[in-house]
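**Q** One structure is given below, represented as structure tokens, and several questions about it will come after.
Throughout, read-outs are computed from the coordinates displayed, never taken from laboratory work. None of these values were measured; they are calculated from a predicted model. Cβ sites come from the backbone with ideal geometry, for glycine too, and all protein chains shown count toward neighbours.
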Amino acid sequence: MNTLNSLTQEKLSRLISVSRFKTPATTWIRGAKILQIYTGELRELNVVLFEDRIAYVGEKEPLTDANTQVLDAEGFTLVPGYIEPHAHSFQIYNPLTLSEFALAHGTTTMLHDNLTFFLHLQQQEMEGLFEALQNMPIKNYWWARLDPQVNQTEMMMRFTPERVKRTLQHPAVLQAGELTYWKELIDGDDSMISRMREARQAGKRIETHNPGASVETLNAVAAAGATGCHESINAEEVMRRVRLGYYTTLRHSSIRPDLADLIKDLLTAGCRFWDRMMLTTDGSPPFFHASGFTDECIRIAIEAGLDPVLAYRMASLNPAVYYGLDQELGGISPGRVADIVFLEDLRNPTPVKVMANGRIVAEDRTLTTDFPRVEWNRFGMGPSSMMNPVVQPEWFEVSPPEGKVPVIELMNAVITRNRPESLPIINGKVKLADLPGYMYVSLLHRKGEWITAGVIKGFGELDALASTYSLSGDLVILGRDPVQMAQAANHILTNGGGICLYEKGELRYDLPLPLLGTMSSLDMNTLIEETTRFFTLMKASGYLFNDPIYSLLFLSATHLPKVRLTSQGVINVSDGKILLPARLLK
């Protein structure tokens, strides 16, 4: 349970009494080395608890009685529970299954993105979900999005002033962002300025999304109120942000697995001040977490040469300070909640035991406590409301304008470009039968009102792939065989959401996503296996990059360059030009 707000006057009085050796401790951890995160010292000390709080850290032994639990921690090193400040908890997993996995790996507090829930749930349903996830061994907090990442009118309409304000004022919401409509903001868009002002008035941190931004852009966004950014791609970009007062979250993620390089380059540059830096996995899909979660980020930082004490601060104290939680979290010190990770060695951040709220909740990466189940349907999180399975092969036909065909070329897992090419045209339709490396690609409105069809290169060669996992909430369908593409689309529509592959008329892969079409109810270990198999199949088909799941997600994301699938058609994001128009189906 999230116990930060449960400190009654009576409980505080007894906590003080335990700290003064007048009342017996409820738990005594003895014999361990304690990382005193504020000074970097390692000392063998007693850690004394009253219920879920730390009452005393020092050399004296506490007052005990028959009810005192004594934990002999000789041979262990104790560090504060890890904090994940930037979780997209709807990336195939769901907030519950991700939280369970994270806690088993030492992460005792998480900040979750609310985007999918804000877009697809009613306000009362989303707030009910927030509250249901408070009653967990892990502490779950939230961001409040200020923009939808997708330039669609129906999504923008969700961001009413009243709803944005109400979300920002929810006690579980600690941050606004991540801000992807930053250009509209600094160009003077009144609605974005109003939302930023609301976030500032609510006293929330504001995270932005500014990859490759110049000093001038970062100045303007900081002037508007941004306090953090997780988009640095090299050491100079990290320092550029820190110099301007940003907190900078360094990521090790499936699409940017460059934490080691960032750390090495910062060390080479002589960086001495790390107190405004944090670590994140940035919503990586399940297969990427086979080797861990925040613990893996800490390991990479240490192996790249960072002082272990600094690595642990970046994963605990720094985010606690950033979010104003350091009176409660981020250290093994009196008054704080007893979120403690038991390690074999400081250089191995994967825990042997995890304590959350004063109780051992995991051992050897396995939970020893049950999480309360979440009744997803209570919060509107059943299957996504979608069209009937009546998709036809001819819907995927591409009728280009005269001249070259605008091909969407995948440059990496998420960045695309427009590559005009002379492709075979028969009866006004593009034919790809004899062209290796090309596929048809479509974004199909989830209610069947329109379809945008184009050609993509770099995603491999498949007979058919269909997915409801997309940023816009619509169906993404790719392939070389329109008949099987229709078959795949109808399959996931029948199942209420999912990702599937068809090859030679057979279903080769099928992952149901029954929660809003983007999330599975399977546990993380099972999802790691399932998504690893999907990745393997995609690589075998010729997919060139490191994350096909994010590639699917971002084909409809208008906050990224350069060419995207939208409700208007295939669009060049930089100038808004429609390269291939959408077609109405109704």
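**Q** Take 507, 15 and order them by how many other Cβ atoms sit within 10 Å, fewest up front. Can you show the working numbers first?
**A** Values: 507 14, 15 22.
So the residues, fewest neighbours to most, are 507, 15.
**Q** In addition: Residue separation times 0.36 nm, minus the C-alpha to C-alpha distance between residue 160 and residue 303: what's the value?
**A** Details: separation 143, 0.36 × 143 = 51.48 nm, distance 4.63 nm.
Here the segment from residue 160 to residue 303 would lengthen by 46.8 nm.
**Q** Cut-off under 19 Å on the C-alpha distance; same-chain residues fewer than 8 positions from residue 429 excluded. Which lysines are left, in chain and number order?
**A** Within the straight-line cut-off, residue 429 pairs with 404, 457.
**Q** How large is the Rg to Rh ratio of the stretch 81-327 when both quantities use alpha carbon positions and Rh follows Kirkwood? Could the numbers behind the result be given before it?
**A** On the way: Rg = 17.2 Å, Rh = 18.2 Å.
That ratio equals 0.95.
**Q** Of all DSSP beta bridges in the chain, what percent run antiparallel (nearest 5)?
**A** Details: 70 of 102 bridges.
Of all bridge pairs located within the chain, approximately 70 percent are antiparallel.
**Q** Past 31 Å, Cα to Cα: identify those pairs from 60/204; 431/539; 264/577; 183/539, in the order given.
**A** 60/204; 264/577; 183/539
**Q** Which far-off residues, 5 or more places away or on another chain, put their amide H under 5 Å from the one on residue 563, with H placed in the peptide plane?
**A** Answer set, sorted by chain and number: 416, 417, 573.
**Q** When only alpha-carbon atoms count, how far does the chain stretch along each of its three principal axes, as whole angstroms with the largest first?
**A** 89, 50, 46
**Q** Would you calculate a helix-derived [θ] at 222 nm for the chain, using -39,500 (n - 2.57) for each DSSP H run of n ≥ 4 and dividing by the full residue count, to the nearest 500?
**A** Values: 17 runs with 155 residues, N = 586.
-7500 deg cm²/dmol, from helical runs alone.
**Q** Given the alpha-carbon gyration tensor of the stretch 393-584, what are the semi-axes of its equivalent ellipsoid in whole angstrom, ordered largest first, with each equal to the square root of 5 times an eigenvalue? Can you show the working numbers first?
**A** Numbers: eigenvalues 125, 59, 54 Å².
The equivalent ellipsoid of the stretch 393-584 has semi-axes of 25, 17, 16 Å.
**Q** Compute the angle between helix 294-303 and the longest alpha-carbon principal axis of the chain, please, reported from 0 to 90 degrees and rounded to the nearest 10.
**A** 80
**Q** Here is a follow-up. Hey, how many Å between the Cα centroid of the stretch 21-69 and the Cα centroid of the stretch 242-290?
**A** Rounded to whole Å, the Cα centres lie 33 Å apart.
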